[in-house]
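Visitor: Have a look at this one.
Values in this text are rule-based calculations from the coordinates and carry no lab data. As the structure is a prediction and not an experimental result, all values here were calculated from the model. Cβ sites come from the backbone with ideal geometry, for glycine too, and all protein chains shown count toward neighbours.
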Amino acid sequence: MSTTYDTTSSAPARFLEQSDTPVPAPGPGELGVRVRAAVLNPLNWTTASAGQDPQRPDWLGREVAGIVTTLGEGVDGFAVGEAILGRVAAGHGGFGPNTIVRAIDAVAKPREISFGTAATIPVAGVAAYDGTHQIDLQAGQTVLILGIDGGVGLMAAQIGQVHEFTVLGTGPEASRDLVEATGATLVSDGDDLLTRLRHAAPDGVDLVLDLVGGDTLRIGAQLATDPAGIISAADAPTAAELGGAALERSADALAKITGVIEYGLVTPHLTARYPLDRLDEAIAVVEGGHAGGLIVIDID
């Protein structure tokens, strides 16, 4: 049996249930994976806390790193015993000893990257990479990251530095040292945000990468020199209304951002690590809005 966590509980203060299920068997094109680390993504918990259909549990843990235990029919390029990182297949979760990953959503884990760091790449790392590559930018152009202080934003800021973009972003004043260590400029949240943004970027920005949505997106979008440069990972309807687009996932992003991290050009910011039996504590940190990065859950 395999223990996993889902979000079907009806208890208002906790949306977490532990379930004993058979070890999942991979289908065609899938990998059975023994999980070593998974990431608690704030987006997972935001979705979970909105409520789920009890007949369709939303399994927690969307990105994992681990060891291949079994190969589904038709899988090439992977071997049993190989260390991989990948996005968990639909209908499965990463907060348990075993899970399923589609082969097309996985890459080999480089030896230089720990399992904990590797687990941050398939969702957060890919979002950061795709967000900074969805439109063509040249060195010297300006990127505004809304919500720069989180795990995705901090990686996106570092990618921007690699490409010699001018990077600024919004976030709490308390995150200034963390954000500006990436080479980006923090524009603190709060009243008169638009005024501060216009002061920081008087000529506007070439890309608005939104990781927050809502009013912050509407304010930040006013700096875009071209509405096509508004890309949102958090609020696609508002981005479209403003002339922009939703973040698009590219097929080669996982391999590319893994390589960038392998060579030390980008370093994911891990806020904390918790063992699986302290998952509720990790969730409390996310619920309280104090994550400030990526929280890794060590499974094995």
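Visitor: Please state the charge dipole magnitude for segment 228-300, taken about the Cα centre, from unit charges on C-beta atoms (+1 on K and R, -1 on D and E), reported in debye and rounded to the nearest 20. Walk me through the numbers before you get to the answer.
Guide: Working: 4 positive and 11 negative charges, 52 e Å.
For this selection, approximately 240 debye.
Visitor: Which of the three applies to segment 157-227, rounded, prolate or oblate, going by the alpha-carbon gyration tensor with a ≥ b ≥ c and a/c under 1.5 meaning rounded? Display every interim value, and only then the final one.
Guide: On the way: a/c = 1.62, a/b = 1.14, b/c = 1.42.
Oblate shape, in that a/c is at least 1.5 and b/c is the bigger or equal ratio.
Visitor: Quick one: grab the alpha carbon gyration tensor of segment 126-246, order the square roots of its eigenvalues as a ≥ b ≥ c, and give me rounded if a/c is under 1.5, else prolate or oblate depending on whether a/b is larger than b/c.
Guide: Numbers: a/c = 1.30, a/b = 1.08, b/c = 1.20.
Rounded shape, in that the Cα axes give a/c under 1.5.
Visitor: With unit charges on the beta carbons (Lys and Arg positive, Asp and Glu negative) and the dipole taken about the Cα centre of the chain, which residue among Gly147, Val285, Ala184 sits farthest to the positive side?
Guide: Towards the positive end, the residue furthest out is Val285.
Visitor: If you don't mind, there's one more thing I want to ask. Placing unit charges on C-beta atoms (Lys and Arg positive, Asp and Glu negative, everything else neutral), compute the dipole magnitude of segment 126-246 about its Cα centre in debye, rounded to 20. It would help to have the intermediate numbers written out before the result.
Guide: Numbers: 4 positive and 17 negative charges, 12 e Å.
For this selection, approximately 60 debye.
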